[in-house]
Amino acid sequence: MNERKVAVYYAWSRPGETEAPLAVIEDRFPSLFESRRLVYPRFHELSDPVRFDQSIAGFLDHIMKANFIDFAEQASTQTGHPVLEVERVADDGTQTPLNHILSGIDTLIIISFDSLRTEQAADAAEVNAVRAFLDDPDHLVFVCPHHEIGAAEHLSDDDRLKLQEAEFLHHGDRTIPPQQRFGGLARSLLAGLGIPVENHFGLRPAAAQDGSPAPIEIESSLDRLKILNGVPTFNLHPHLPHLERLGDAKAKLDVLARQQIDLTAPPHAFVQSGHSTFDAMLQSRPETFPGTLLVGDTTLFSSTAGGLESLRHLWANIVGRPRAS
């Protein structure tokens with residue numbers, strides 16, 4: 001046991017997510033009953049409405065948060081301490097900002113599964129607190145947005161439909177609406193820290209011939225904490241973001257890993273513009289912060305999209321990284 005203290009911060013507003021009208025399919029999570037209907041017989045064990053809330057809240061509790069249980073359990077076993085799990089805005093509207101949870105931890109995982117529609121944004125106190133947290137060379141922050149699918153507010157109705165249909169056919173996940181955009185808290189925090197990153201698209205990753213995730217492309221010489229030692233793959237979640245560095249981030253963040261796109265999938269504009277990989281993990285340069293900041297998709301901490309053996313090595317490397325001398 002290495003005595004590290006880990007926190008997982010779910011950046012969503014529960015009221016903002018759970019009170020989304022079901023009549024609008026864009027920019028919201030599905031309800032539990034919708035998920036059961038779309039992927040039957042999967043989730044049949046959650047069908048009892050007496051035991052399991054069938055609303056969006058039930059989806060968050062019994063599917064979404066359940067995806068991260070394996071990471072929390074492994075980290076707790078590895079450190080000898082329970083993982084602190086915090087939601088940004090609770091059901092009763094109580095907000096827990098980032099600056100309220102940093103005392104006593106050295107590893108912060110931000111799961112930015114917040115819909116852009118809910119306008120979650122890190123304020124100055126939160127940005128300053130995270131910056132101060134990263135002043136310690138032993139501290140690590142992993143910021144994890146998710147996909148941005150169907151962003152087309154600048155297009156005409158006809159062109160919007162064409163774009164959204166093309167993206168839908170590319171990722172092929174029938175549970176995803178035409179437009180679903182996540183990661184407002186992640187974007188605002190990274191911009192506030194002077195390293196703006198935007199999570200674009202929902203790209204289908206490539207698989208190996210045996211159906212497992214295709215190998216990632218690692219910049220091993222940049223991996224100073226050996227985070228990707230023994231991590232040959234990520235996962236096969238069908239809609240993953242390209243992490244685009246903007247402005248000063250190009251000089252302050254390195255691309256640590258790239259993931260191959262499934263070039264046999266229906267065409268996506270990102271592929272048609274000449275890309276066969278997307279930037280899947282970013283790392284702060286040594287001069288950017290004394291500590292380490294990483295950016296990757298939320299599903300790197302999920303156990304439900306394949307590649308779990310490799311991801312367990314990633315989790316172990318993050319939590320078991322050597323102490324800063």
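Brief remarks follow.
- The range 117-180: trypsin sites (Lys or Arg not before Pro) falling in loop per DSSP and having at most 15 other Cβ within 10 Å: R174
- Cα gyration tensor, the range 109-175 - rounded (a/c under 1.5), prolate or oblate: prolate
- Hits among lysines - C-alpha to C-alpha of K65 under 23 Å, sequence gap 8 or more where chains match: K5
- Accessible area per residue, Å², the range 100-156 with all protein chains present, probe 1.4 Å: 35
- Restricting the GluC sites (Glu not before Pro) of the range 229-318 to loop positions (DSSP other than H, G, I, E, B) with no more than 16 neighbouring Cβ atoms within 10 Å leaves E287.
- The mean sequence distance of close C-alpha pairs (under 8 Å, at least 6 residues apart), as a share of the length of the range 104-233, puts its relative contact order at 29 percent.
- Residue-span extension gain [S276 to S103] - 0.36 nm each, minus C-alpha spacing: 58.1 nm
- Three-way shape call for the chain based on the alpha-carbon gyration tensor, with the a/c threshold at 1.5: rounded
- For the range 123-233, the square roots a ≥ b ≥ c of the C-alpha gyration tensor eigenvalues yield an a/c of 1.5 or more together with a/b not exceeding b/c, which makes the shape oblate.
- Residues E3 and H313, FRET efficiency given R0 of 25 Å [Cβ-Cβ distance, rounded to 0.05]: 0.75
- Beta bridges from DSSP with both residues in the chain: antiparallel share about 55 percent, rounded to the nearest 5.
- Taking all protein chains into account, the per residue accessible area for the range 206-325 stands at 42 Å² (1.4 Å probe).
- Partners for K252 among lysines (Cα-Cα distance below 24 Å; same-chain residues under 8 apart left out): K226
- Legend: calculated FRET efficiency, D48 to A269, from the Cβ-Cβ distance at R0 = 35 Å, rounded to 0.05, equals 0.25.
- Inter-part distance where the range 14-88 and the range 250-290 are each reduced to a Cα centre, Å: 28
- Legend: residues S325, S103, S303, sorted from most to least accessible area (1.4 Å probe; ligands, DNA and RNA excluded), read S325, S103, S303.
- Peptides 176-185, 73-82 ordered by average Cβ neighbours within 10 Å, highest first: 176-185, 73-82
- Sum of -39500 (n - 2.57) over DSSP H runs of 4+, divided by residues of the chain (222 nm, nearest 500): -7000 deg cm²/dmol
- In the chain, Cα pairs under 8 Å separated by at least six residues give a relative contact order of 21 percent.
- Surface accessible to a 1.4 Å probe, per residue, for the residues of the range 1-95, Å²: 51
- Per-atom-type breakdown for the chain gives carbon and sulfur 52% of the accessible area (1.4 Å probe, protein chains only).
The values are calculated or read from the model by the stated rules, or taken from the named source; none is laboratory data. The shown structure was predicted, so the numbers you read here are calculated from the model rather than taken from an experiment. Note that each Cβ is placed from the backbone with ideal geometry, even for glycine, and that neighbours are counted across all protein chains shown. In case anyone asks, the SASA skips ligands and DNA or RNA and just uses the protein heavy atoms, side chains included. Shrake-Rupley method; radii C 1.70, N 1.55, O 1.52, S 1.80 Å.
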